[in-house]
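The values are calculated or read from the model by the stated rules, or taken from the named source; none is laboratory data. Here the structure is a predicted model, which is why all the values come from computation and not from measurement. Positions of Cβ are backbone-derived with ideal geometry, glycine not excepted, and every protein chain shown enters the neighbour counts. Calculation scope for accessible area: heavy atoms of the full protein, side chains included, ligands and nucleic acids excluded. Shrake-Rupley method; radii C 1.70, N 1.55, O 1.52, S 1.80 Å.
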Amino acid sequence: MNQIEKIIDIATWNRREHYEHFSAFDDPFFGVTVQVDCTRAYQEAKTKGVSFSLLVLHRITTAAAAVEEFRYRIEGDKVVCYDSLLPEATVGRDDHTFSLAAFEYDPDELVFIRRAKAEMERLQATTGLNKGGTFHPNAIHYSAVPWLSFTDMKHPTNM
């Protein structure tokens, strides 16, 4: 897990023109924020007695990892595909600061939740950003702000 699965041959890649076009942008990323009804997942988390946020984090990571293109990363002049994704998220603290967290993915939802909960508890007892434990090349980043209701869409731009 967390290994490069393959290197994409850019010269023969059907996305070559797209890659070359968007990689020239200062900010080539596209994002959409949408509302999702998580009522069933919330009820399931309560029934199981587990964290709703961690249950959803596991399911989103599992779904994202099933899409090969979400595992692509640009490393130097290569496009590589990782065999998995590593969920990274913010962990809030009582003093209104937060830490960056890297959670070890496990296909077993309950194992993942148990380990992630232990890592959250460890980080809540620390100070600072904890940058040494994050920024893995196959990371997928999350920040939950359930106290806000918003929608957003972001396009690639040149600065």
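Some notes on this structure:
- Qualifying residues in region 99-118 (those that are free of Cβ contacts under 8 Å to residues at least 24 places away in the same chain, over 16 Å from the mean Cα position of the chain (by Cα) and open to solvent by 40 Å² or more (accessible area, probe 1.4 Å)) - the one farthest from ARG71 (Cα to Cα): ALA118
The rows are residues; the columns are (1) under 11 Å from the mean Cα position of the chain (by Cα); (2) in a strand (DSSP E or B).
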| residue | (1), (2) |
| --- | --- |
| LYS46 | no, no |
| ALA64 | yes, no |
| VAL79 | no, yes |
| LEU148 | no, no |
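- Verdict on VAL56 being part of a helix (DSSP H, G or I), open to solvent by less than 80 Å² (accessible area, probe 1.4 Å) and closer than 21 Å to ARG114 by Cβ: yes
- Any pair with Cβ under 9 angstrom, 6 or more apart, that starts in region 1-22 at a residue that is modelled with pLDDT of 95 or more and ends at one that is open to solvent by 100 Å² or more (accessible area, probe 1.4 Å) and in a loop (DSSP other than H, G, I, E, B): ILE8/ARG15; ILE10/ASP77
- Within region 1-32, the set of residues being in contact with a helix residue (DSSP H, G or I) (Cβ under 6 Å, 6 or more places away or on another chain) and not in a loop (DSSP other than H, G, I, E, B) comprises ILE10, ARG16.
- Selection from region 25-40 of residues that are closer than 18 Å to VAL145 by Cβ and either open to solvent by 50 Å² or more (accessible area, probe 1.4 Å) or of a type in the set (A, V, I, L, M) (or both): VAL32, VAL34, GLN35, VAL36, ASP37
- Selected residue (only one of GLU5, GLU75, GLU17 is of a type in the set (D, E, K, R), more than 19 Å from ALA139 (Cβ to Cβ) and open to solvent by 40 Å² or more (accessible area, probe 1.4 Å)): GLU17
- Scoring SER51 on the criteria (1) under 24 Å from ASP152 (Cβ atoms); (2) of a type in the set (S, T, N, Q); (3) open to solvent by 30 Å² or more (accessible area, probe 1.4 Å) leaves a single failure, condition (1).
- Test result for PHE135, under 21 Å from PHE30 (Cβ atoms), at pLDDT below 95 and open to solvent by 50 Å² or more (accessible area, probe 1.4 Å): no
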